1. Restricting the count to DSSP beta bridges whose residues both fall in the chain, what percent are antiparallel, rounded to a multiple of 5?
2. Using alpha carbon coordinates only, what is the Rg to Rh ratio of region 97-226, with Rh defined as the Kirkwood radius?
3. Show that you can apply the helix-only estimate: for the chain, add -39,500 (n - 2.57) for every DSSP H stretch of four or more residues, divide by all residues, and state [θ] at 222 nm to the nearest 500.
4. For region 376-421, state which trypsin sites (Lys or Arg not before Pro) are in a DSSP loop and have at most 15 other beta carbons lying within 10 Å of their beta carbon.
5. For region 1-138, calculate the relative contact order in percent as a whole number, restricting contacts to Cα pairs under 8 Å that are 6 or more residues apart.
6. Just flag the trypsin sites (Lys or Arg not before Pro) in region 138-199 sitting in loop per DSSP whose Cβ has no more than 15 other Cβ atoms within 10 Å.
7. Could you tell me which residue out of ASN205, ASN229, LEU183 lies farthest along the dipole of region 176-332 toward its positive end? Charges go on the beta carbon: Lys and Arg +1, Asp and Glu -1, centred on the Cα centre.
8. Write down, largest first, the equivalent ellipsoid semi-axes of region 213-288 in whole Å, where each equals the square root of 5 times an eigenvalue of the alpha-carbon gyration tensor.
Amino acid sequence: MNTAETKNPRSIAVVGAGIVGAATALALAAEGYAVTVIDRGEVGAGTSSGNAGGIVEGAVTPTATPDVIRSIPAYIFDRNGAAVLRPAYVLQALPWLVRFIAAGRPARVASIAAALHPLVSNAMRAHRTLAGLSNALDFIRTVGWLKVYGSEAGFSKTAFERELMTRHGVDFSILNAGEVADLEPNLNKDAYTRGIFQPQSGFVNYPMGLAQAYFEGSLRRGAQYVQENVQEIRVNDGGISVRTDQTIRRFDSVVVATGAWSKQFARQLGDRVSLDTERGYHLSLGLTGTHLLSRPVGFPERDCVLSPMHDGISVVSGDELAGLDAPPDYRRIRALLPFVNSVLPGTRFQTVQREWMGHRPSTPDSLPVIGRSPRCHRVFYAFGHGHLGLTLSAITGQLIAGMVGGRADPFDLTPYRIDRF
Ligand SMILES: Cc1cc2nc3c(=O)[nH]c(=O)nc-3n(C[C@H](O)[C@H](O)[C@H](O)COP(=O)(O)OP(=O)(O)OC[C@H]3O[C@@H](n4cnc5c(N)ncnc54)[C@H](O)[C@@H]3O)c2cc1C
């Protein structure tokens with residue numbers, strides 16, 4: 001094994017090139033750091049390639065809420081539900097689940113929502129800045145985030161979420177059926193009676209393209225890319241060594257941005273974290289363009305989102321606790337097809353072009369890990385963004401660049417520290 005020396009005193013490795021790593025690399029390269037991006041695969045091709053594309057401003061509601069916690073027994077036993085806890089994984093998931101349940105207590109939800117607020121309310125601004133630096137503004141369209149409800153019972157379950165949004169001044173409106181139809185005329189009018197609309201939210205119909213644009217923006221500012229599998233990150237000799245399957249590289253600092261695979265690196269660096277993966281799925285139908293839908297549309301009563309992605313309408317769903325290695329199980333998402341055909345009749349004759357599964361990097365409290373390791377000032381963490389990794393990637397990159405540069409925090413960052421676990 002040879003050793004590649006990187007002597008620049010401001011050298012920094014960004015390990016992981018999903019949307020979070022790519023945004024962080026761009027934010028750092030824009031400030032003149034000598035950035036090396038290391039990923040075992042193609043930039044943005046992991047979890048960041050298959051999401052629903054929402055940059056959801058005002059997403060202050062964490063995944064664990066009192067309602068969700070009450071539904072956990074149903075999730076375990078409902079074979080057709082969107083949320084699944086695989087029996088073989090129950091024991092491994094238990095410590096995370098215990099914390100998840102604790103995070104769902106009303107008082108805790110209130111404090112988590114308060115901690116999410118400064119992140120989600122700066123999400124679009126941060127994306128616009130990074131997209132401006134990387135000729136990527138066309139990737140982001142401010143078309144809003146729409147959820148529709150087929151029944152009054154379904155809508156009334158949103159009272160808690162609406163209360164949280166109101167408390168934090170989130171811009172949203174409640175739509176009647178006619179207003180939903182004005183926004184999305186091709187939806188079957190029998191599919192909804194009400195909607196909730198967050199007009200400030202953005203949509204990226206090609207999330208992998210956005211990650212690659214951010215990454216290319218970093219390359220234009222001198223960043224380098226290394227396609228290697230990272231095996232170990234260590235602090236030594238006043239610097240950081242990153243051992244890959246090819247070599248050992250040395251840097252002044254490192255950012256761990258390996259999404260759902262970040263726990264092993266935190267452990268190597270002496271930090272404990274509660275991180276698991278909520279696996280999610282999509283089916284891509286053909287039908288490109290926006291003639292059927294103009295924006296993502298969520299159907300919370302069926303736990304799915306329809307999104308008009310660049311290569312076709314996607315139905316996005318699933319929240320499966322089964323770990324990093326278990327094979328995908330497409331049965332539940334396939335079972336949604338009749339529902340998709342009924343709510344969006346234009347999809348009726350389409351065949352499935354692609355089945356996909358991705359690994360959300362999820363903390364039990366729905367807050368990302370953004371910050372410096374308490375053990376070493378050269379180690380920075382940027383992972384654990386769960387359901388909001390696209391939304392929060394740009395603000396995460398900017399916050400990390402601010403910390404590396406020693407600037408004052410723009411708001412209280414203690415809720416995102418790794419030593420909260
Ligand atoms: C179905 C679904 C729908 C979603 N919808 C939305 C949405 O609408 N809006 C939203 O904001 N979020 C959404 N998300 C969440 C979002 O996609 C994720 O939070 C986000 O992609 C995580 O990005 P990341 O960069 O942290 O991780 P990843 O994209 O997983 O990137 C991690 C990178 O680390 C690399 N890596 C891992 N281990 C190693 C190693 N040992 N050596 C080298 N490289 C390594 C991987 O190759 C990968 O490229 C959705 C997720 C899913 C699954």
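No value in this document is a laboratory result; all are computed from the given coordinates. Please read all numbers here as calculations on a predicted model, not as lab measurements. So basically every Cβ, Gly included, is an ideal-geometry build from the backbone, and we count neighbours across all protein chains shown.
1. Values: 53 of 77 bridges.
Antiparallel: roughly 70 percent of the beta bridges in the chain.
2. Numbers: Rg = 18.6 Å, Rh = 17.5 Å.
My calculation puts Rg/Rh at 1.06.
3. Numbers: 14 runs with 130 residues, N = 421.
Calculated from helices alone, the mean residue ellipticity at 222 nm is -9000 deg cm²/dmol.
4. Working: sites: ARG378, ARG407, ARG417, ARG420; in loops: ARG378, ARG407, ARG417.
Sites meeting the loop and neighbour criteria: ARG407.
5. On the way: 111 pairs, mean separation 33.0, N = 138.
For region 1-138, the relative contact order is 24 percent.
6. Numbers: sites: ARG141, LYS147, LYS157, ARG162, ARG167, LYS189, ARG194; in loops: LYS157.
Of the trypsin sites (Lys or Arg not before Pro), the ones in loops of region 138-199 whose Cβ has at most 15 other Cβ atoms within 10 Å are LYS157.
7. ASN229
8. Values: eigenvalues 161, 85, 25 Å².
Semi-axes (√(5λ), whole Å): 28, 21, 11.
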